[in-house]
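Asks: Below is a structure I'd like to ask you about.
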Amino acid sequence: MNTADLEKEVAALKRELAKVQGDFNKLAEDSKGASKQLSEAAQEAAAVASAKLEAEANKLMEKFQDVRQTAIKSGEQAVSGVQDQIQERPLISAAAALGIGFALGMLIGRRN
């Protein structure tokens, strides 16, 4: 092979190397763009998930408040009913309280 052929071969390799280097540079830029898009998509998905979680938490709090109000009303009605019974039959109520106290005293006394 002569010098002219070698120079042509080297020049062709340099052009090919420059082309490959350009392809790598383009690939690096594309991967940066894809990485940025993926990051933005992940942030958006996290924001959506956070909003859904907050909405579900609010629904649960509302249900809890409803159950709480129902329990309060039931308790108030029970206390009112007991008060009414005591006012209507004070002697029977006192006797019942005495009997319950006596029974509890006996049960507690046996444990000790």
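The values are calculated or read from the model by the stated rules, or taken from the named source; none is laboratory data. A quick note: this is a predicted structure, and the numbers were derived from the prediction, not measured. Because the Cβ atoms are built from the backbone with ideal geometry, glycine has one as well, and the counts that use them run over all protein chains shown.
So that you can scan it fast, the table gives a plain yes or no per residue for (1) at pLDDT 85 or above; (2) part of a helix (DSSP H, G or I); (3) farther than 30 Å from Ala97 by Cβ:
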| residue | (1), (2), (3) |
| --- | --- |
| Arg15 | yes, yes, yes |
| Gln21 | yes, yes, yes |
| Gly33 | no, yes, yes |
| Lys36 | no, yes, yes |
| Glu44 | yes, yes, yes |
| Ala47 | yes, yes, yes |
| Met61 | yes, yes, yes |
| Gln77 | yes, yes, no |
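Asks: Where residues in region 67-112 are among the acidic types (Asp, Glu) and surrounded by 10 or more Cβ atoms within 10 Å (Cβ to Cβ), which of them is farthest from the chain's Cα centre (by Cα)?
Replies: Restricting to residues being among the acidic types (Asp, Glu) and surrounded by 10 or more Cβ atoms within 10 Å (Cβ to Cβ), the top hit is Asp84.
Asks: Out of all the residues in region 51-71, is one or more closer than 30 Å to Ala94 by Cα and small (Gly, Ala, Ser)?
Replies: yes
Asks: Do any residues in region 98-112 that are more than 24 Å from Ile86 (Cβ to Cβ) have Cβ atoms under 9 Å from those of residues that are surrounded by fewer than 10 Cβ atoms within 10 Å (Cβ to Cβ) and at pLDDT 90 or above, where the two are at least six apart or on different chains, and which pairs are they?
Replies: Close Cβ pairs satisfying both conditions: none exist.
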